[in-house]
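> Let me begin by handing over the structure; questions about it come next.
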Amino acid sequence: MSSSNDCQPQSLTKPALGEREAAELVDRVFGLKVSWIRSLPSYDDQNFHVRVSAAGAAEYVLKITNSEDSQEPDLIEAQTRAMMFLSAEGFPSATPYLTKHGNIMSLESGGTRPGSKKYMVRLLTYLPGTPVAKITANAQILYEIGRLAASMDKVLSEKFQHPSVKSLHRGQFIWNLANVPLLDQYIYALGQNKYRAVVEQVIEQFKGKVIPKLSSFRTCINHGDLNDHNILVDSSSASLENPQYRVSGILDFSDMSYGYYVFEVAIAIMYMMIESPEPLSVGGHVLAGFESVVPLTPEERGALFLLVNGRFAQSLVIAAHTALLYPENKEYLTITARTGWKHLMTMLEVGQEAVERTWFETTQAYTEHTPVLSVRRC
């Protein structure tokens, strides 16, 4: 998911090309003939899975960025260069197919009429695999996802260099976890109900207990959206009872920004909870994987519960706001809400001390070389 500039989570800027128009775009910009195409679900960009007749029926994702974000070419370049860098470092991220003019992206008109909006267009390699949302995630893959999150942030922060990287300083970016207080201006979308009161409580706790601690957290570059639809996996074993998974793809770098290591693990924990039948136990496995690469400081650990709640609030409020703008895309936009409200309410009911005890005891078990091999009930 992404959003437009500053603190506006989304305006009416989403592309709306048909499959025929998209196929013509691939031909015109990249010089490839499309033999098969279908639309992919998306938040505020537009994506197509395409197969081309050349190069042995290669497959790609045509990514058409919303018109608001398309006005920030440096930001899109930074995201794309980061994907290329990570691929070269051995991470399963997509890489761009160059345009006919040898560029990684191209600004194209969304129509033939005068004044048509312009969209940044990229053609990215298609990554095979199954979204985590479609599997029953076990302890092994949750640990691997945590380890991946830490490894990716670490290598980006320590080794990724490009002139465009400065564009990742996105101070008022609504999806940056530091900006939970900006939700105040979008909370109207929830209406007047018990959920609104819950979010207001989360925001106030965030303002009082997290914001003052930000200066003590270690900074890094965050992917920012390691959700259960943006991580692809495949099975590396034939065992149906205890499958072993590996991450085969990392998708959607449009929420990249400078943040903090603890943000990334909080975001991953929150999204891995969404489809889990035992959501409160998920965090310990993800955290154990993360801390195998980047151990958290006591200050960072102490904020983790509130950060996970903050991400729940961001996802639920912004989705509600965006669904008012795009009612035709409501089903996709509210995926998180199907279980998200229940999980957030449970987090608050159980309380920080009990949830943290579960997370940290599970993490400790890994350091003692006796990991819990299944996602257990809290």
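> Return the FRET efficiency for the residue pair Lys209, Arg246: r is the Cβ-Cβ distance, R0 is 35 Å, and the value is rounded to the nearest 0.05.
The value I calculate is 0.40.
> Please return the longest stretch of the chain lacking exposed loop sites, where GluC sites (Glu not before Pro) count only if DSSP places them in a loop and at most 11 other Cβ atoms lie within 10 Å.
1-240
> When you have a sec, figure out the Kirkwood radius of the chain from all distinct Cα pair distances and drop it here in Å to one decimal?
Every distinct Cα pair counted, the radius reaches 21.3 Å.
> Expressed as a whole number of Å, what is the distance separating the alpha-carbon centroids of the stretch 180-205 and the stretch 227-269?
28 Å
> Please calculate how many Å² of accessible area the stretch 136-202 carries per residue, with a 1.4 Å probe and no DNA, RNA or ligand atoms counted.
On a per-residue basis, 43 Å².
> Note the angle between two axes, namely the Cα long axis of helix 261-273 and the longest principal axis of the Cα atoms of the chain, as a number of degrees from 0 to 90, rounded to the nearest 10.
90 degrees
> Between helix 139-159 and the chain, what is the angle of the helix's C-alpha long axis to the longest principal axis, kept within 0 to 90° and rounded to the nearest 10?
So the inclination is approximately 60 degrees.
> With 20 Å as the limit, write out which pairs from Lys14/Lys117; Lys63/Lys118; Lys63/Lys159; Lys63/Lys154; Lys194/Lys342 have Cα-Cα distances beyond it, or answer none.
From the list (Lys14/Lys117; Lys63/Lys118; Lys63/Lys159; Lys63/Lys154; Lys194/Lys342), the Cα-Cα distance tops 20 Å for Lys63/Lys159; Lys63/Lys154.
> Would you calculate the separation in nanometres between label points at Ser236 and Ser109, each defined as 7 Å from the Cα along the Cα-to-beta-carbon direction?
In this crude label model, Ser236 to Ser109 measures out at 5.0 nm.
> I've got another one for you. Using a basic spin-label model with each label point 7 Å from the Cα along Cα→Cβ, how many nm lie between Val350 and Gln71?
Going by the 7 Å Cα→Cβ label model, 4.3 nm.
> At 222 nm, what value in deg cm²/dmol follows for the chain if DSSP H runs of at least 4 each add -39500 (n - 2.57) and the sum is divided by all its residues, to the nearest 500?
-13000 deg cm²/dmol
> Using the Karplus curve 6.51 cos²θ - 1.76 cosθ + 1.60 with θ = phi - 60°, work out ³J(HN,Hα) for each residue of the stretch 357-369 in order, rounded to whole Hz, and write x for Gly and Pro.
Each residue of the stretch 357-369 in turn: 4, 4, 4, 6, 5, 5, 4, 4, 4, 5, 5, 8, 6 Hz.
> Also, quick follow-up: Which ³J(HN,Hα) values, rounded to whole Hz and listed in residue order, are derived for the stretch 20-28 from phi using the Karplus coefficients 6.51, -1.76 and 1.60 in 6.51 cos²θ - 1.76 cosθ + 1.60 with θ = phi - 60°, glycine and proline given as x?
Karplus-based 3J(HN,Hα) across the stretch 20-28 equals 5, 4, 5, 5, 5, 5, 4, 5, 5 Hz.
> Express in nm, to one decimal, how much length is gained between Glu59 and Ile135 on full extension, taking 0.36 nm for each residue of separation and deducting their alpha carbon distance.
Full extension of this stretch gives 25.0 nm more.
> When N counts the residues of the stretch 13-80, how does its alpha-carbon radius of gyration compare numerically with 2.2 N^0.38 Å, as a ratio?
Taking the Cα Rg and dividing by 2.2 N^0.38 Å, one obtains 1.14.
> Let me ask you something else. Assuming R0 = 45 Å, what is the FRET efficiency of Tyr188 and Arg51, from their Cβ-Cβ distance, to the nearest 0.05?
The pair Tyr188/Arg51 has a calculated efficiency of 0.55.
> Let's test the formula: R0 of 35 Å, r as the Cβ-Cβ distance of Thr339 and Glu19. What FRET efficiency results, to the nearest 0.05?
E between Thr339 and Glu19, to the nearest 0.05, is 0.65.
> Show me, bin by bin at 10 Å from 0, the whole-percent P(r) of the stretch 236-290 based on Cα pairs.
In order of increasing distance, the bins hold 18, 43, 33, 6 percent.
> Over the C-alpha atoms of the stretch 151-233, what are the Rg and the largest Cα-to-Cα span, Dmax, in Å?
16.0, 47
> A further question on this structure: Keeping all protein chains in the complex and leaving out DNA, RNA and ligands, what accessible area do you get for Thr219 with a 1.4 Å probe, in Å² to the nearest 10?
Rounded to the nearest 10, the figure is 90 Å².
> Along Cα→Cβ, 7 Å out, is where each label goes; now give me the distance between the ones at Arg357 and Gln161 in nm to one decimal.
Inter-label distance under the simple model: 4.9 nm.
> Considering every Cα-Cα pair within the stretch 216-327, what fraction, in whole percent, is farther apart than 26 Å?
23 percent
> In addition: Measure off, as a whole percent, the carbon and sulfur share of the 1.4 Å-probe accessible area of the chain, all protein chains present.
51 percent
> Next question. Residue by residue, what Karplus-based ³J(HN,Hα) values in Hz, rounded to whole numbers, does the stretch 279-285 have, using 6.51, -1.76 and 1.60 with θ = phi - 60° and x for Gly and Pro?
With coefficients 6.51, -1.76 and 1.60, one gets x, 5, 8, 4, x, x, 6 Hz.
> While we're on this one: Calculate the translational D of the stretch 68-132 in whole µm² s⁻¹ from Stokes-Einstein, where the hydrodynamic radius comes from the Kirkwood formula applied to all Cα pairs, the temperature is 20 °C and the viscosity 1.002 mPa s.
So the translational diffusion coefficient is about 160 µm²/s.
The values are calculated or read from the model by the stated rules, or taken from the named source; none is laboratory data. For clarity, every value in this text was computed on a predicted model and none was experimentally measured. Quick reminder, even Gly has a Cβ in these numbers, built from the backbone with ideal geometry, and neighbours come from all protein chains shown. These area figures cover heavy atoms from the full protein model, side chains too; ligands, DNA and RNA do not enter into them. Shrake-Rupley method; radii C 1.70, N 1.55, O 1.52, S 1.80 Å.
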